[in-house]
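Colleague: Pasting in a structure now, in structure tokens, and then I'll have a few things to ask.
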Amino acid sequence: MLVSGLRLWLAETNSWLVTPSGAGGECLLVDAPPDPDPIVDRLSADGLRLVALVSTHGHVDHVGGIGSVVRAQEHEVPVHIHDADRHMLLDPVGTGGTLGQALASQGLDVRPPELIHWLDDGDRVSGTGVTLTAIHTPGHTKGSTCFLLEAEGEAPLPFSGDHLFKGSIGRTDLPGGSREELLGSMAAKILLLADDLQVLPGHGPTTTIGLERRTNPFLRQPT
């Protein structure tokens, strides 16, 4: 299973491309920052057909490029996001604060995608022979969602968005954020995963569940 990341835009957001069949095949995309050209160019250069785009949450640095990416394709691409973050996908500039203003100055196509599916906990997005299962993890935003990528014969891969980072967690001081909710959903849904699973976050380097359980200062329990 081939998964590659593009670190894009002002916030150096990770956009993850899942290409199980390699060049010339179908692919899935996790998050589309407002720097769509490298994504579109990669799809074109590798002859990839984008069959689904999933969003870990609605902040502009993760959804601001969606309109441009999907409209650059010659076919309709369904976009999947949790219903609680619907308003941010529909109006990334108006809900994006300072980053929204930066987006407005770029002149990107910020119209909502034509085909939107609202996700809930446990919903699955399938394509290219793999499945992404939504894990609703509120705390960074109300609709913050991690995705567990599963393919036959492969170890699962969690995409953690801005919920869990290497050595840190997502900020909770923005509208819809809650430290209590974030830590609660982390304990109930993410830290139950196997220690050896590699985690692909929305920013920064990859990590593992076990490493974060042992060393992340926000997750370690006092002794």
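Colleague: For segment 137-197 and segment 7-76, what is the separation of their Cα centres, given in Å?
Modeller: The two parts, judged by their Cα centres, are 21 Å apart.
Colleague: Could I ask something else about it? Translational diffusion coefficient, Stokes-Einstein: compute it for the chain using the Kirkwood radius over C-alpha pairs as Rh, at 37 °C and 0.692 mPa s, and state it as an integer in µm² s⁻¹.
Modeller: On the way: Rh = 17.3 Å.
Roughly 190 µm²/s, to the nearest whole number.
Colleague: Starting at 0 and stepping by 5 Å, how many percent of the alpha carbon pairs of segment 43-89 end up in each bin?
Modeller: With 5 Å bins starting at 0, P(r) equals 5, 21, 29, 22, 14, 6, 2.
Colleague: Using Cβ contacts closer than 10 Å as the measure, can you line up V199, V40 from fewest to most? Kindly include the intermediate steps, with their values, before the conclusion.
Modeller: Values: V199 23, V40 18.
Exposure proxy ranking, most exposed first: V40, V199.
Colleague: From the Cα trace of segment 164-215, what convex hull volume per residue do you get, rounded to a whole Å³? Walk me through the numbers on the way to the answer.
Modeller: Details: hull volume 4.1 nm³, N = 52.
Given the Cα convex hull of segment 164-215, per-residue volume reads 78 Å³.
Colleague: Show that you can apply the helix-only estimate: for the chain, add -39,500 (n - 2.57) for every DSSP H stretch of four or more residues, divide by all residues, and state [θ] at 222 nm to the nearest 500. Could the numbers behind the result be given before it?
Modeller: Values: 7 runs with 47 residues, N = 223.
Here the helix-only value at 222 nm equals -5000 deg cm²/dmol.
Colleague: Tell me the relative contact order for segment 3-215 as a rounded percent, counting alpha carbon contacts under 8 Å between residues six or more apart. Working shown, then result.
Modeller: Numbers: 512 pairs, mean separation 33.9, N = 213.
So the answer I get is 16 percent.
Read-outs: derived from the displayed coordinates by stated rules, not from any lab. Predicted, not measured: the structure shown is a model, and the values here were computed from it. So basically every Cβ, Gly included, is an ideal-geometry build from the backbone, and we count neighbours across all protein chains shown.
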